[in-house]
1. Per residue of A:169-177, what is the mean number of Cβ atoms on other protein chains within 10 angstrom of that residue's Cβ?
2. Which one, B:I416, B:Y482, B:Y392, projects farthest toward the positive side of the charge dipole computed for the protein assembly as shown from Cβ point charges (K/R +1, D/E -1)?
3. Would you mind telling me the antiparallel percentage of the DSSP bridges in chain B, rounded to 5?
4. Please work out the Kirkwood hydrodynamic radius for the protein assembly as shown, using every pair of different C-alpha atoms, and report it in angstroms with one decimal place.
5. Let me have the relative contact order for chain A, percent, based on Cα pairs under 8 Å that are six or more residues apart.
6. Do you know the relative contact order of the range B:550-619, to the nearest whole percent, from alpha carbon pairs under 8 angstrom that are 6+ apart?
7. Give, rounded to the nearest 20 debye, the magnitude of the charge dipole that chain B has about its Cα centre when Lys and Arg contribute +1 at Cβ and Asp and Glu contribute -1 at Cβ.
8. Given the -39500 (n - 2.57) contribution per DSSP H run of 4+ residues, what per-residue ellipticity at 222 nm results for chain B, rounded to the nearest 500 deg cm²/dmol?
Amino acid sequence: MIRVLFFSLLLFESLFGYSYDDLLLRAQSAIYPKIVVLDKKVSSKLVDDKILFTVVYCKEDHESALFVKQYIQNKYKDGVGKYPISVDLVEFSQLSKETGASALYVLYGSKNDIKKAAEIARQKRVISFSYNLENLKYGLLFAAVIEKTTTLYLNKEYKNIKSIELADFLLQSVKFIDKSAF
Amino acid sequence: MSKEKFQSLSFKIMISIIITFFIIMTGIFLSLKKINKEAFYNIELQKAQLIVKTIEPLIAINIYLGLEGKLHSLLDQVMQNKDILGVKITQNGNTLYEVDFDKKDEILFVLKKDILQPGSQKKMATIELQYANHNYMQLLNNYNKLLIAMLVVLGIIFVMLSLYIERMLKPLREVTRLLQDFSPQKKLDIKPMGQKNEISLILSALGEMQEKVFEFANQQKNLNEFLEEQVNEKTQELRRQLYIDDLTKLPNRKKLFDDIQNSKDDGALLILNIDDFKEINDFYGQSAGDYILIEFAKKLNHLIEEEKNISLSRLSGDEFALLFKSKPSYRTFMRVVNDLTRKIEKTVFEYDQSEIFIRVTFGGTMESNEMLEKADIALKLAKEQKKYFLMYDEKLDIKGAYRENMEWVKKLKSAIKEDRIVPFFQPIFDTHTSKAVSYECLIRLIDTDGSVVSPFKFLNIALKSKIYPQLTRIMIEKSCQYFQNRDTTFSINLSINDIIDKEMVLFIQKSINKYGVSKKMVFEILETEGIDNYEEVSSFIMSMKQIGCKTSIDDFGSGYSNYEHILKLDVDYIKIDGSLIKNIDKDENVQIIVETIVSFAKKLNLMTVAEFVYNQTVFEKVKSLNIDRMQGFYLAEPEREIQED
């Protein structure tokens, strides 16, 4: 009975997509672009002189991805810092090494999709943000979580990534998290 | 504390050290306090800045990322720091976080800093941090305690240093105290110091110096004793010389003065003078004179040998004094005088085979005050009166006369000095025309009260005191000047002494030339004195005649009336003596004398002048005797100014 219920839920999910917390989605949409420019090597990661903020999502979560896109474009229509910003939406299936991106914002996805996104981000040497904290265990770097306060988590894997060099004060402000924590 | 203590070197050094200490310490204290206060403040400021610098990026990232909760959490953590009293974060006028501290007096400073956007210089917000003064005050307190402790220690060091200097200088003070009692005769106990320093060197040098001074003082003492002895001997010698007459070896005049002074108004004095001693000197020579004086002194000494009350001294040249130490009776006094007179007259002094007799004159006084003066007066009077002895007597009023004479001398000198000797002019009238044809210039002294003094009061004194020539000069000068521009003759009286005085004659000639009065001048030569120096007088009259002056024999007929004078001297006028004229109306003999004089004058073509015409009878008589000119109070008195028609 329980198994039936579990499967039903999975089916439901696959049919209607994941559910997103609007507040968290807004918060992350607000925070993540700003973190991109805190990468000291961001200038080498621009696409057409812009920060290309690529949102990776499941097909079913298109609405949520679109919400993110619109939110970011609205919030940062003058750019982030000195850089103009554009937002691309890419499904997990479409994501490849050739996908242009200055940073990846990875929404809910399967374990494999998440791992794939994390791997592509590593290959492209860009920062990867996760909607879900747990997905950090698959290699994504950042996740913002609303707890008592909004908390930024940074995957300890970051220390092995030479291509990303975050500002010190950012590092002082984040909580590092390890795979073992999950 | 005594004044010496304040002036002592050690006190000054100590005071200098203390003052220096206070100045330096105050300087150090204030400087360090200021420096450290700033330093402590800066430390706290740096600490606060460090905090702000530390939290600022975190705040910035939280604001940047909009992590307000995180921001609050962070700032709450910051507020855990007890040094931070308050924090305020403002963004675009909105306060993002604020914890304000109300105890403002505990706030050391408020640090304000802009929070910049991460990755750019764009201002995002402002942080204001109220920093507590706890640490700062703590530091200051600790520092003050440390500084005070240091000052106390330094103070103690300086006090100890002062005491050390005081102790070092102590030997100098002790030596100074010792030196205050220093005298060349007394050795001081200057103890040497154990240490070898400048003070010990000074003490050592003082010790050596003391030895030398002591030695020198001893030598000096011996020398002084020797010199004192010499001086005493010399003093005795000088005293002897001072009181003893070199020639006769008798006590001298000074000794007599001293004895009289010490006589306490007692005693009597007898002065004796060898008569005509000058002649002995002139005749037998100076050596004979000295011999006589020596022998006479011996004789006198011998004669009064038994008179214990009498001391003999030599007053001067040929004058000796016999001082009675206590007043003798008149009889004793006279006995001494008579004995001495008799015995001296019998004494024969033999010199160079010549026998010399001498006589003496005595002057004495039995009055014990001013005895020397009185005895001297008596002696002079005795000489004048040719007596062998005269006792001073107040009735003689000799002293009074002397005093008056002296006063007149003073008066005369004063009058000369103050130009109060003036000529008065008495007109001489022609008997036939009764007109004033000449003026006799008569001397007058104007007294200090303006009264006119006649010459009979002072002329004799002037003669004795040798002031007379000065008076003659004044009369000549003033008379010549007066008649310089007057068309009349005038006569001036001259004494024989004036005429034989070459300087006076020269002065007369110069005055005549100076005022051009040679044709107007008549010299009246006093006949009463007797003219012995005919040649000189004649020469004078001749020389005066040559320049146009005329001469007259004054007071003719009074004394040595000598017609030969008139013949020899070639005079122009004969002025008949007033003593004859004034009796001419009463005494027939006088009339005969006057007639003889007039007759004689007429024969020689000399003009006659009668003086002392004092009344109508005399006037008429003079006229009747055919005297050419006359003068007198009846006709006109002498006046300061002549009456010119």
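What follows draws every value from the coordinates through simple rules; no lab data is involved. It should be emphasised that the depicted structure is a prediction, and the values quoted were computed from it without experimental measurement. Glycine gets a Cβ as well: all are built from the backbone with ideal geometry, and neighbour counts include every protein chain shown.
1. Values: counts 12, 8, 2, 6, 13, 3, 0, 0, 0.
Going residue by residue through A:169-177 and averaging, the value is 5.
2. It is B:I416, whose Cα lies furthest towards the positive end.
3. Working: 58 of 84 bridges.
Just about 70 percent of them are antiparallel.
4. Across the protein assembly as shown, the inverse of the average 1/r is 44.6 Å.
5. Values: 295 pairs, mean separation 36.2, N = 182.
Averaging sequence separation for qualifying contacts and normalising by length gives 20 percent for chain A.
6. Working: 86 pairs, mean separation 24.6, N = 70.
Reported relative contact order: 35 percent.
7. On the way: 87 positive and 94 negative charges, 794 e Å.
Dipole magnitude for chain B comes out near 3820 debye.
8. Working: 20 runs with 343 residues, N = 645.
One gets -18000 deg cm²/dmol as the mean residue ellipticity at 222 nm.
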